[in-house]
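The values are calculated or read from the model by the stated rules, or taken from the named source; none is laboratory data. Note that the coordinates shown come from a computational prediction; the quantities given were computed from them, not determined experimentally. Don't worry about glycine lacking a Cβ; one is built from the backbone with ideal geometry, like all the others, and counts go over all protein chains shown. Accessible surface areas use protein heavy atoms only, side chains included; no ligands, DNA or RNA. Shrake-Rupley method; radii C 1.70, N 1.55, O 1.52, S 1.80 Å.
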Amino acid sequence: MRLPSTRFLIGLVMVIVVCVAAVVLWRHYSDTPATAAPPTSVTCVGGSEKSELMADDEVKRILRDNYRLEVAFQPLGSYDQVQLSTDEIKARKLDCLWPSSASAQSVFEAQHTGAFTDYRAENLLQSPEVIYAGPRGTDALVRKGIVQRRGDRYFVVDMKGLLLDHVVKHRTWEAIGAADLRGPITVASTDPAKSNSGFTLAQLELNIIATADGFSAPSLAQARQALPTMRALHDAQGLQSRSSDSGFREWLTQGGEFKAPLYAGYENQIIQQVVQSGDNSANLLKNVRVLYPDPTIHSDHPVLALDPAAGRLIDALKDPKIQAIAWQRYGFRSAVRVGANDVGDFPGIGLADQVRAAPAPAADVTLALLSCMKNATTCN
């Protein structure tokens, strides 16, 4: 039997090498077809507190490389965005809205029924409403039994008493023996007509004033009876910030409890500040207490996708890496991954593992309250 020649064997080897190389290249390009396509641009307006998350370089890289998406994020108050008309949304070429409230979502859906055939909404992040305080005001409220310390955490165990017996009745900090604090006891916030953190406080206050228990959302009839009181609380605040993000920064930089002994905001705001402060976080936290109202209201962060591209964004934002970044750098709790958030990641803040929450009012009550906050003549 005649053996193959050396030239034949060399040729055969070269053919095999070429074939293997072709297979490898084919697999590479067939496994990653999206990398050849340009990213899809998605324009989204959302609450200001999410601006830094969406500007995060790693988040942008994950969205671009893994999902072929680039997001143009524009901050806008939750209720301003959901009350844009259909024509305004289309004129601005918006693909999605990202409010900071399930109530805002319900308002949008009530006013835009059937306007967007590819509409899809899903809550991806959440943060409970908290009350920020300083050591002097907190100590005074602990002595009054309104605030209770449990371990290294603080809870406003008598939110009803704080509101009805002190805020509504214009009791002063001097009257409860708060060292160095002056003036009436109030809970300051951003402008509820413009910013969701302020409006969430207003919803919580409305629950208490209208139902006298705080654990139930009021009917429209109950809410209307409470609206004059709600307007009086709003007017007592004077000028308020229009943005959750800037409002909290102002509170920190302008004296904390000496600017406002009690200030309502999102839990994630203090986490974000601690992360950004790094080694200086101890100096920040020595003058800040995080008080959890019992009950509180969760600030949900649903993405309202108006077209298929924004629907892809909803799926992309569920990515485990993005959800981890949202918590570890910006303090947003996951709304899609059970057990994803460990409060032990931030031992110096005193975060609560779980909080008791009341339901937010329905869309008709929300619109009545919002109208009252915008225009006093609608409160009666």
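Tabulated data for the structure shown
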| quantity | calculated |
| --- | --- |
| Segment 173-254 - accessible surface per residue (Å², probe 1.4 Å) | 40 Å² |
| Apportionment of accessible area to carbon and sulfur, segment 145-253, percent (1.4 Å) | 49 percent |
| Distance violations [Cα-Cα > 32 Å] among 50/169; 50/286; 90/160; 90/194; 50/90; 144/321 | 50/169; 90/160; 144/321 |
| Linear extension gain, residue 215 paired with residue 58, 0.36 nm per residue minus alpha-carbon span | 52.5 nm |
| Within a Gaussian network of the chain (alpha carbon springs, distance under 10 Å), most fluctuating of 364, 118, 191 | 118 |
| Distant alpha-carbon pairs in segment 215-354 (separation over 18 angstrom), percent | 67 percent |
| Sequence ranges 194-205, 150-161, ranked by mean other-Cβ count within 10 angstrom, highest first | 194-205, 150-161 |
| Computed magnitude of the charge dipole of the chain (debye, nearest 20; Cβ of K, R +1, Cβ of D, E -1) | 500 debye |
| Using a Förster distance of 35 Å, the FRET efficiency for residue 175-residue 328 (Cβ separation, nearest 0.05) | 0.25 |
| With every protein chain in place, segment 330-380: carbon and sulfur % of accessible area (1.4 Å) | 47 percent |
| Rounded to 10°, Cα long-axis angle of helix 102-111 versus longest principal axis of the chain | 80 degrees |
| Among beta bridges that DSSP assigns inside the chain, antiparallel share in %, nearest 5 | 60 percent |
| For q = 0.14, 0.20 Å⁻¹, Debye-computed log10 I/I(0) when each Cα of segment 47-206 counts as one equal scatterer | -0.86, -1.26 |
| Ranked packing of 40-50, 278-288, 136-146, most packed first, by mean Cβ within 10 Å | 40-50, 136-146, 278-288 |
| Helix-only [θ]222 nm of the chain, DSSP H runs n ≥ 4, -39500 (n - 2.57) each, per residue, nearest 500 | -12500 deg cm²/dmol |
| Cα-based helix-to-principal-axis angle, 196-211 vs the chain, degrees rounded to 10 | 50 degrees |
| Sequence-distant residues sharing a close amide H with residue 264 (under 5 Å, placed H) | 132, 188, 189 |
| On Cα atoms only, tilt of 267-277 relative to the major axis of the chain in degrees | 70 degrees |
| Segment 258-380 - accessible surface per residue (Å², probe 1.4 Å) | 39 Å² |
| Summed residue charge, Cβ within 12 Å of residue 53's Cβ, Lys/Arg positive, Asp/Glu negative | -3 |
| Cα pair distances in segment 304-356, grouped into 5 Å bins until the bin that holds the longest one, percent each | 4, 18, 24, 20, 15, 9, 6, 3, 1 |
| Kirkwood Rh, angstrom, the chain [1 / mean 1/r, Cα pairs] | 22.8 Å |
| Carbon + sulfur, % of accessible area of segment 35-84 - ligands and nucleic acids excluded, 1.4 Å | 48 percent |
| Long-range tail of P(r) for segment 274-380 (Cα pairs > 21 Å, %) | 58 percent |
| Accessible area, probe 1.4 Å, largest first, for residues 117, 366 | 117, 366 |
| Segment 113-204, Cα convex hull volume normalised per residue, Å³ | 142 Å³ |
